[in-house]
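Presented below is the structure to which this report refers.
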Amino acid sequence: MNRIEREKLVVRQMIAIYCHRHHAHNDNILCDDCLDLLNYAHRRLDYCPKGNGKSSCRKCEIHCYSTANREKIRAVMKYVGPRMIFIHPWSAIRHLITEFC
Ligand SMILES: [Zn+2]
């Protein structure tokens, strides 16, 4: 699993946990808003021109995340981040958290 794939997986799990706790309709189905956010995040990871070799999104000159979506991602990570430590090694989520929080 490369870095992009791993980050997609982590983002999906984060949004799923957040949605379940905050919007919770069904265990395995995201609400429309969260589905949008997930698709957006995945699309941005796919399109990132820095690809797997990029050092940091923060240093990247191309700001992929729009302000609105960045606020949402930030809320998700702030809430879910500390809880993810019990699911993933810290190194797997550190990059995502430092990028958006
Ligand atoms: Zn939701």
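The residues of the stretch 85-94 that are modelled with pLDDT of 70 or more and under 12 Å from the mean Cα position of the chain (by Cα), listed by number, are ILE93, ARG94.
Table: residues versus (1) among the basic types (Lys, Arg); (2) modelled with pLDDT under 85; (3) within 9 Å of the ligand (Cβ to nearest atom); (4) farther than 24 Å from MET1 by Cβ.
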{"site": "ASN26", "(1), (2), (3), (4)": "no, yes, no, yes"}
{"site": "LEU37", "(1), (2), (3), (4)": "no, no, yes, no"}
{"site": "LEU45", "(1), (2), (3), (4)": "no, yes, no, no"}
{"site": "ASN52", "(1), (2), (3), (4)": "no, yes, no, no"}
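Taking (1) of a type in the set (A, V, I, L, M, F, W, C); (2) modelled with pLDDT under 90; (3) surrounded by 11 or more Cβ atoms within 10 Å (Cβ to Cβ) in turn, ALA68 satisfies each apart from (3). Cβ separations smaller than 8 Å between residues 6+ apart or across chains give the following pairs from the stretch 72-92 residues that are closer than 18 Å to ASP36 by Cα to residues that are of a type outside the set (Gly, Ala, Ser) and at pLDDT below 85: ILE73/TYR65; ILE73/PHE100; ARG74/PHE100; ARG74/CYS101; MET77/LEU96; MET77/ILE97; MET77/PHE100; MET77/CYS101.
The values are calculated or read from the model by the stated rules, or taken from the named source; none is laboratory data. All of these numbers come straight from a predicted model, not from anything done at the bench. All Cβ positions, glycine included, derive from the backbone under ideal geometry; neighbour counts span all protein chains shown.
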